[in-house]
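The values are calculated or read from the model by the stated rules, or taken from the named source; none is laboratory data. Bear in mind that the values here come from a model prediction, so they are computed numbers and not experimental data. Every residue, glycine as well, gets a Cβ built from its backbone with ideal geometry; the counts of neighbours run over all protein chains shown. The area values use the complete protein model at the heavy-atom level, side chains included, leaving out ligands, DNA and RNA. Shrake-Rupley method; radii C 1.70, N 1.55, O 1.52, S 1.80 Å.
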Amino acid sequence: MLFLYNLIVQIADFLLKIVAVFSPKIKLFVNGRKLVFQILESKIDPNDKTIWFHAASLGEYEQGLPVIEKIKDKFPNHKIVITFFSPSGYEVRKNNTVADVTVYLPLDTNKNAIKFLSLVHPEMVFFIKYEYWPNYLNELKKLETPTYLISGIFRKNQLFFKWYGGFYRTALNTFTYFFVQNECSKKLLFELGKTNVAVSGDTRFDRVAAILEKDNSLNFIEAFKNGTLTIVVGSSWPKDESLLVDYINQTSEKVKFIIAPHNIKSEQIQELKNSIAKKTVLFSEKTTKNLADFDVFIIDTIGILTKIYSYADIAYVGGGFGNPGVHNILEPATFGVPIVIGPNFSHFAEATDLVNRGGCISISNTKELVGAFSSLIANDNIRNGKGHICSSFVQMNKGASNIIMNHI
């Protein structure tokens, strides 16, 4: 089975180089890996002590950040190495300040795994949430390197729990300890004979709870808001935006809108702006405009959405009309903001919990969107009550990072 797996990886490597000619994202994926070993050789000395964290993408990085920061404090003489699989994580966080070295993870071949681990020679390894690369895990097992899964989540439909999933079940033998998000994940691992498991919860709650301690002020958002009730739309996709634009164009409510689309390609941003009938300004235009004069503010940049949520009276979080579903709802939740999302949220425990608790409203069409916004705008008690449910939910679920650190 390992032979077949390695053959598939080699074929994928070949095909990706062809696709990269036509796809900017795949080009980043391929080109970003070309200099990884050179970077490691230049930044890590054979005598350095290192700790390695791997994140699939941006969400996993943010999820693991509280543990990365605590490990950095606990082991100040170690170099922190962070790897990403996806360009959407690496390109956004390649200049982070918590790691000493940040690179793409080379594709999971036996040769790459051996070379990578010989250069990094980590004393501990942390995989965040998921991604189980057999060659890397096999080499870590041979080297007897302590390897941890943090904020792990397991579902019955994963390969580990299929009759034909023996190859991937074997990969789990590498892990020294599993820190999982919920009892269901613990039970599934127990069924595989894994007793080195603890339910620590989700470290994302620690990260978003810590946001409240930071300076979240943005003068230009304050100038735009100008004391008016404001709906912040975060990580929206075209399906979200089609419903929202209909509402924005038709509503007579005294309310402003900030839209931070998931995709900020200039042609799509311009198309969104042209579809809105009300006075609309882009982030890239903000220095030449009196922001208070506008009704809609489109954020055609990245990296400031979290701070923008602190100004929201109501939040709409996008992605809920696509697969796998809704984006991060915990960032607006930590600020005590009531949240509206699309119908696809069942894969996300925090979204399911907040919908069940009443802090988050799921909508499936324009009529339901109008109803949700209307009730939240018109009634301060409803708006504040749902916001309190959200902030309390974050506070009562934090603490996963301490559980992990106490064990280590």
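Taking every C-alpha pair closer than 8 Å and separated by at least 6 residues, the mean separation divided by the residue count of region 308-408 gives a relative contact order of 27 percent. With a Förster radius of 22 Å applied to the beta-carbon distance between Lys94 and Asn47, the computed FRET efficiency rounds to 0.30. Sorting Ser346, Ser235, Ser185 by accessible area puts them as Ser346, Ser235, Ser185; the probe is 1.4 Å, largest comes first, and only protein heavy atoms count. Surface exposure of the chain, expressed per residue as accessible area with a 1.4 Å probe, stands at 46 Å².
Mean separation of Cα pairs under 8 Å and 6+ residues apart, divided by the residue count of region 107-253: what relative contact order is that in percent?
Answer for region 107-253 is 17 percent.
For the residues Leu58, Leu192, Leu354, a GNM of the chain with alpha-carbon springs under 10 Å puts the largest fluctuation on Leu192. Calculated mean residue ellipticity at 222 nm for the chain: -13500 deg cm²/dmol, from DSSP H runs with n ≥ 4 weighted as -39500 (n - 2.57), summed, divided by the residue count and rounded to 500.
Straight-line reach from Lys279: which lysines fall under 17 Å, measuring Cα to Cα and dropping same-chain residues less than 8 apart? The reachable lysines, counting only those whose Cα sits under 17 Å from Lys279, are Lys225, Lys254, Lys256, Lys289. The stretch between Glu123 and Phe14 holds 36.0 nm of extra length on full extension. This uses 0.36 nm per residue minus the Cα-Cα distance. Ranking Thr280, Tyr316, Leu291 by how far each Cα lies toward the positive end of the dipole of the chain (charges on Cβ) leaves Tyr316 at the top. Over the C-alpha atoms of region 245-397, the Rg to Rh ratio, Rh being the Kirkwood estimate, stands at 0.95. Among the protein heavy atoms of the chain, carbon and sulfur supply 53% of the accessible surface, probe 1.4 Å, non-protein parts ignored. What is the sum of charges around Gln268, taking Lys and Arg as +1, Asp and Glu as -1, for the other residues whose C-beta is under 12 Å from the C-beta of Gln268? Net local charge, Gln268 excluded: -2. Check cross-link reach from Lys79 to the aspartates and glutamates: straight Cα distance under 16 Å, and skip same-chain residues fewer than eight apart. Result set, ordered by chain and number: Glu41, Asp45, Asp48, Glu69, Asp100, Glu123. Within the listed set Ala12, Ala210, Ala312, the Gaussian network model of the chain (springs between alpha-carbon atoms below 10 Å) gives the highest mean-square fluctuation for Ala12.
Label point of Glu368 set 7 angstrom out along Cα-Cβ; within region 288-331, amide nitrogens under 19 Å from it belong to 315-329. Spin-label pair Thr170-Lys27: with each label point 7 Å from Cα along the Cα-Cβ axis, the two points sit 4.0 nm from one another. Of Thr102, Thr147, Thr176, Thr195, the order by accessible heavy-atom surface (1.4 Å probe, DNA, RNA and ligands excluded), from most exposed downward, is Thr195, Thr176, Thr102, Thr147. Contact order for the chain, expressed relative to its length and based on alpha carbon pairs under 8 Å spaced 6+ residues apart, stands at 12 percent. If you run the Gaussian network model on the chain, springs between alpha carbon atoms under 10 Å, then out of His347, His327, His54 the most flexible one is His347.
Between region 302-320 and region 167-235, the C-alpha centres lie 17 angstrom from each other. Give the label of the value calculated from the structure for percent of Cα pairs over 27 Å apart, choosing from (i) 55; (ii) 66; (iii) 52. Answer label, from the structure shown: (i).
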